[in-house]
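Undergrad: The structure is given below, and queries will be raised subsequently.
The numbers here are math on the coordinates, done by the rules we state, and not lab data. What you see is a predicted model; the values in this text were computed from it and never measured. Methodologically, a virtual Cβ is constructed for each residue, glycine included, from the backbone with ideal geometry; neighbour enumeration extends over all protein chains shown.
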Amino acid sequence: MATPPKKSTPAGQAPSRTTRTAVKRFVFPFSEAGSEGGRDDRDLLGGKGANLAEMCKLGLPVPPGFTISTEVSAHVSRRGTWPRALEEQVAQAMVQLEGRMAKRFGDVEDPLLVSVRSGARVSMPGMMDTVLNLGLNRRTVEGLAARSGNPRFAWDAFRRFVQMYGDVVLGVHAIDGATQSPFTLALEGAKRAAGVSEDVDLDVDALRALTERYLALVEERTGTPFPEEPDAQLWGAIEAVFRSWDNPRARTYRTLNGIPHDWGTAVNVVAMVYGNLGETSGTGVAFTRDPSTGEKRFYGEFLMNAQGEDVVAGLRTPEPIHALEARAPAAWKELDRIQQTLEAHYRDMQDLEFTIQDGKLYMLQCRAGKRTGMAALRIAVDLVAEGKLTRDEALMAVDPSSLTQVLAPVFDPQQLRAARTEGRRLTKGLNAGPGAATGRIVFDADRAEERAALGEPVILVRIETSPEDIHGMHAAAGILTARGGMTSHAALVARQMGKVCVAGCGELDIDLDAGSLRVGAKTLIEGDWLSLDGTSGEVLEGQVATRPSEVLARLFGAQRKQPSPLFEAYSTLLSWADDVRTLGVRANADQPDQCKTAIAFGAEGVGLCRTEHMFFEDAKIRIVREMILAENTAARERALEKLLPLQRKDFEGIFKAMGVRPVTIRTLDPPLHEFLPHDAEAIEDLARDLGTTTTVLRAKIESLSELNPMLGHRGCRLGIAYPEITRMQARALFEAACNVANRTGKKPRPEVMIPLIATARELELQEAVVRSVAEEVFAAKGVRVPYLVGTMIELPRAALTAGEIAPHAEFFSFGTNDLTQTTFGISRDDGGTFLPLYIGDEIVARDPFEAIDVAGVGRLMRIAVEEGRGARPDLKLGICGEHGGEPSSVAFCHDLGLDYVSCSPYRLPIARLAAAQAALRTAATDRSATHEPSDG
Ligand code: PEP
Ligand code: MG
């Protein structure tokens, strides 16, 4: 919903009755007796609703209820009112629910209570709202107390209800700079007055007094009494939960995760079961496998005598799931059976929520469990070994971007050991999000965002995180919390984001107001360095250097002797990906060691060697400057003569590393002023070197500066103005190729690439230079190497006239960095100042420098492919802009029919998997097209 739903009726009041008959269904009941929907109805019922219905179908113990479909969300945002039939359908479903539970809603003797819970198509943990224990008021609470024989429980349920309803529906939040809500403050006051530290230690009288305080608080804040009428409560909650789709944290979460804002949520109304009835009741969250490592073991935590949110809210630290066996043996046995059933049924790791009421188990939710990138890999590969998934399904099950985490750094072991022996190990918490992070302490999400924007690594330290902290968590390198378990908000969200997180660190004494944290005798403040090991849970004072991950270490030949299930899973999955992908993968690399890294990551060639990157070493930069500042061609050629052997040596290193794999070498591209010094001292040095004065040199530098250098004298324009530069580069690379061929017997395959052409004639001129040098070198060296000459397509004119350009090009490589810059007219260097605003305001769906803008830049690419291949059917096509390692762009390149993508070495695993997924998607579409019945 773009705007909060407008009320058709005042808050809390049911919409007017409708008399229409042939009406659309918006309400879908479920119970152990069955359900109409199921797992395939996520779009209509939301993930939670669809899975509750599915569990009912499987005959699992689920409390009955009904789902109000996502279509209501859409209807409200379109028309600003409830659908007319909704009220009657909800009323009917409530009557049915009363029948199933043999209780009545609002009954003063034995009231039916319900929960009202959000549930979108994809899970958005903690981002939207929930209300529990709805239906309680001063009269029904007495009924509940009498029926349950447990007045403490009844009043605890009532005070929780008033708190949640007050917060979610009536908007009673913290004010006047307080960090805690007035309800939490009142609760803390009640505990202090009673001299207890835990909520569970408040007795019935204390809870009754506290609830009355809450009710008074609501009236003071809202100016109206708390709604006592259950129907009004129900409609108030339904409306608020629908509205929570549009709260700021949910919007941020969707933007970060690419979830469309127009999907809307469903709302689930479910009969309450109680985990807070006493010591034989409880509630918990569990995963069918370890969500951090992917290991196959039932994993989770629970709290006895607690309700729903207590486990995930992180207010009390829960017990590990296996302890349930001793606490509630029958429920444990059933839960263990159910977790196996659900995993086998869904053929994926599941995240479960359950409640035990007086020893009887109820399932409240199941969904595909959030997991780290490491766990995703391992689970997918293990499920194939267990016969639960096919290889293709396993390939589709892993998000390519999550591979970033697998390659995430760990601490340098020496520095870590040193930190420990120096006594810098402060404490240990739960290893909630793996990886190593080091950064400066901040205590607030906004501060985290501010300091990170200045380029500082930060560690966000909170007592516990809440969904309001999401932007700060996103900005932080690591997250540390004092409270909460492995399924706390911090833990769940950090793992999904791939953030390093240590949670539930009980020894930390955090004072948010003072901006300090204390562990034992140590006190740290904002700005101090802190290091987190999210894999072991350790917290260390100061900075500890990080180093490559386990997979990286293995890839580069270290730690071979230790078993590494993660490395096995990584290699297995990527080898499957290589079997199915049709798109080639190359790396952008300019140094021999980068080439070696690239090969270890699976590169089949180099797609872009930026020759200018070879110019920056000290010895070379002086000669390059001499060349740039030369007064005439003869002087320039003298400088180029000095550069030739150095550049040739660089190329030899690259050709040797790449063997017979193709290597795309681009001739000089950037504007020349980028190579010149700008500070006074460097200018003096250079003047001395060149035997000139600083005044003359300054004037020359001044004459080379351009108003808009990205559109200036750069790219092929340099080679056109100074063909001797192209000639030297061609000579260096062909001589290097011939030398390596003669020495190793393996012929390198250079592909010479001319940058930034706008017209066919530019390419024609540069092509002639390259080919004539090639022939001279081959004749002189007595050997030929296979080579290609081609061009980058990075200007709209080049794309639009590709048919004219192709006769001179054996290949095109899309330089989508420049193509995006020139298509949008947004500078790639400083677009960052306003692009975030564009993305946040949905002017552009994603940053076009990150993911290809299919409608604009993509359209130009399509034209270039069609016209290029039309003029030259064997034209080879690739991409070497940054988009070459971004999954959605890789898929687009596959669909366009490119031959390869080229990206930075570390993104190659992502590109390989994304390419495999694109091939599998195409195969599936082709299959369904052939099976489509013909309409003849
Ligand atoms: C491009 O423009 O996409 C490209 C790869 O070239 P560079 O980033 O070096 O301008
Ligand atoms: Mg470019």
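Undergrad: Tilt of helix 723-744 relative to the longest C-alpha principal axis of the chain, in degrees (0 to 90, nearest 10)?
TA: 80
Undergrad: Quick one: putting +1 on the C-beta of Lys and Arg, -1 on the C-beta of Asp and Glu, what dipole do you get for segment 554-712 around its Cα centre, in Debye to the nearest 20?
TA: Dipole magnitude for segment 554-712 comes out near 660 debye.
Undergrad: Would you mind getting me the FRET efficiency between THR582 and ARG78? Use the beta-carbon distance for r and R0 = 41 Å, nearest 0.05.
TA: 0.45
Undergrad: Another one. Can you list residues whose amide H is under 5 Å from ILE852's amide H, if they're 5+ apart or on another chain and H is modeled 1.01 Å from N?
TA: Placed amide hydrogens put SER889 under 5 Å from ILE852.
Undergrad: Next question, about the same structure. May I ask you to derive the FRET efficiency for GLN340 and ASP40 from their Cβ-Cβ distance with R0 = 25 Å, giving the value to the nearest 0.05?
TA: 0.65
Undergrad: Mind checking the dipole of the chain: about its Cα centre, +1 per Lys or Arg Cβ, -1 per Asp or Glu Cβ, Debye to the nearest 20?
TA: Dipole size: approximately 1880 debye.
Undergrad: Could you pull out the GluC sites (Glu not before Pro) across segment 179-218 that fall in loop regions by DSSP (anything but H, G, I, E, B) with no more than 11 other Cβ atoms inside 10 Å?
TA: GLU198
Undergrad: Which of the aspartates and glutamates could a cross-linker bridge to LYS48, judged by Cα under 12 Å and excluding same-chain residues fewer than eight apart?
TA: List returned: ASP40, ASP351, GLU353.
Undergrad: Shifting gears a bit: Is the shape of segment 19-118 best called rounded, prolate or oblate, per the rule: a/c under 1.5 gives rounded, else a/b larger than b/c gives prolate, else oblate, with a ≥ b ≥ c the square roots of the Cα gyration tensor eigenvalues?
TA: Note, shape of segment 19-118 comes out oblate.
Undergrad: Right, another one. Roughly what would the spin-label model give for GLU198 and PHE778, points 7 Å off Cα along C-beta, in nm?
TA: Placing both labels 7 Å along Cα→Cβ, they lie 8.3 nm apart.
Undergrad: Follow-up. Relative to the Cα centre, what is the charge dipole magnitude of segment 205-338, using +1 at the beta carbon of each Lys and Arg, -1 at the beta carbon of each Asp and Glu, and rounding to the nearest 20 debye?
TA: 560
Undergrad: Show me the ranking of peptides 902-911, 405-414 by mean Cβ neighbours inside 10 Å, starting with the highest.
TA: 902-911, 405-414
Undergrad: What is the helix-to-structure angle for 694-704, meaning the angle in degrees between its Cα long axis and the longest Cα principal axis of the chain, kept from 0 to 90 and rounded to the nearest 10?
TA: 70
Undergrad: How about segment 557-619: which GluC sites (Glu not before Pro) there are in a DSSP loop, with at most 13 other Cβ atoms within 10 Å of their Cβ?
TA: Hits after loop and neighbour filter: GLU617.
Undergrad: Right, something else. What are the semi-axes of the equivalent ellipsoid of the chain, taken as the square roots of 5 times the eigenvalues of the Cα gyration tensor, listed largest first and rounded to whole Å?
TA: Its equivalent ellipsoid spans semi-axes of 60, 31, 27 Å.
Undergrad: Continuing with this model, one more query. What GluC sites (Glu not before Pro) does segment 228-331 have in DSSP loop regions with at most 12 other beta carbons within 10 Å?
TA: Passing both the DSSP loop test and the Cβ count: GLU279.
Undergrad: Tell me which of PRO329, SER292, ALA306 sits at the most positive position along the dipole axis of segment 287-355, charges placed on C-beta atoms (Lys, Arg +1; Asp, Glu -1).
TA: Positive-most Cα among the choices belongs to PRO329.
Undergrad: Using label points projected 7 Å from each Cα along Cα→Cβ, tell me how many nm separate ALA871 and HIS678, to one decimal.
TA: If labels sit at ALA871 and HIS678, their model points lie 3.8 nm apart.
Undergrad: Kindly rank 786-792, 868-874 from highest to lowest mean number of other beta carbons found within 10 Å of each residue.
TA: Result, highest mean Cβ count within 10 Å first: 786-792, 868-874.
Undergrad: Please determine, in degrees from 0 to 90 and to the nearest 10, the orientation of helix 230-243 with respect to the longest principal axis defined by the Cα atoms of the chain, where the helix direction is its Cα long axis.
TA: 0
Undergrad: Next question. Can you tell which of CYS505, ILE379, THR179 lies farthest toward the positive end of the dipole of the chain, using +1 and -1 charges on the Cβ of basic and acidic side chains (Lys, Arg; Asp, Glu)?
TA: ILE379
Undergrad: Give me the distance in nm between label points sitting 7 Å out from Cα along the Cα-to-Cβ direction at HIS322 and ALA845, one decimal.
TA: 4.6
Undergrad: From zero outward in steps of 5 Å, how is the percent of C-alpha pairs of segment 73-153 spread across the bins?
TA: Values per bin, smallest distances first: 3, 13, 15, 19, 17, 15, 11, 6, 2, 0.
Undergrad: Along the charge dipole of segment 889-935, which of LEU896, THR925, PRO909 sits closest to the positive end, that is, farthest toward it, with unit charges on the beta carbon of Lys, Arg, Asp and Glu (+1, +1, -1, -1)?
TA: Towards the positive end, the residue furthest out is PRO909.
Undergrad: What relative contact order, as a whole-number percentage, does the chain give when Cα pairs under 8 Å and 6 or more residues apart are counted?
TA: 8
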